[in-house]
Amino acid sequence: MAKADSAASGRRTPTVDELRAWRSFIETSDELRSVLGSRLQAESGLSAGDYAVLLALSEAEKSRLRSSELADHIGWERSRLSHHIGRMERRGLIERVECLTDNRGAEITPTAAGRDAFRGASAPHLRAIRELFVDALTPAQVVAAGEIADALRAHLDRAAQR
């Protein structure tokens, strides 16, 4: 009802209830991400960023991606990814290799140590996701959370195309 009232009155700012929902969503998401990241770091020595990079590479064809593709896949600015890749490279988790399709470029791929670290981190990380996210919700709420995330992603994608 508040949404219809806002639209009818020409109101462009969120209502009190909409702001309450927004703040709850953002603050809870931030807290969940923080707790998951802290656990991941403590249990595996990998940061959430390390895990995101290694996950993207594990899902890529031949476990290789160009930096620009990797940045797009994980939603990072290229400069942020470049700095992070450098740190991961110095720690022996990833390496730059000649591009399979264009010998002028390079691709990022995990090292054996990176693959081992990712495998070792995955089981405890997935347990933490179950404990902190899945177990807190009913099955219907898990579905709804996925639908909400999909709707927000689609809206953001449309906004970016304007």
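The residue list E69, E89, E107 contains one member that is in a strand (DSSP E or B), surrounded by 12 or more Cβ atoms within 10 Å (Cβ to Cβ) and either more than 15 Å from the chain's Cα centre (by Cα) or free of Cβ contacts under 8 Å to residues at least 24 places away in the same chain (or both), which is E107. Do we have I74 as within 30 Å of V142 (Cβ to Cβ), of a type in the set (V, I, T) and free of Cβ contacts under 8 Å to residues at least 40 places away in the same chain here? Taking the combined requirement at face value, the residue satisfies it. Hey, can you tell me all the residues within region 119-162 that are hydroxyl-bearing (S, T, Y) and over 16 Å from the mean Cα position of the chain (by Cα)? Selection gives T138 alone. Taken across region 110-123, residues that are aliphatic (A, V, I, L, M) and assigned to a strand (DSSP E or B) do not occur at all.
Of all residues in region 1-42 being among the acidic types (D, E) and over 30 Å from A117 (Cβ atoms), which is modelled with the lowest pLDDT? It comes out as D5.
Within region 31-86, the set of residues being of a type in the set (D, E) and under 29 Å from E98 (Cβ atoms) comprises D50, E59, E61, E69, D72, E77. Every condition in (1) acidic (D, E); (2) in a helix (DSSP H, G or I); (3) over 19 Å from the mean Cα position of the chain (by Cα) holds for E95 except the one numbered (2).
When the residues of region 130-162 are filtered to those that are charged (D, E, K, R) and in a helix (DSSP H, G or I), the one that is farthest from R39 (Cα to Cα) is R158.
The values are calculated or read from the model by the stated rules, or taken from the named source; none is laboratory data. Predicted model, so just to flag it, every value in this text is computed and none were measured. Cβ coordinates were reconstructed from backbone atoms using ideal geometry, including for glycine residues, and neighbour counts include every protein chain displayed.
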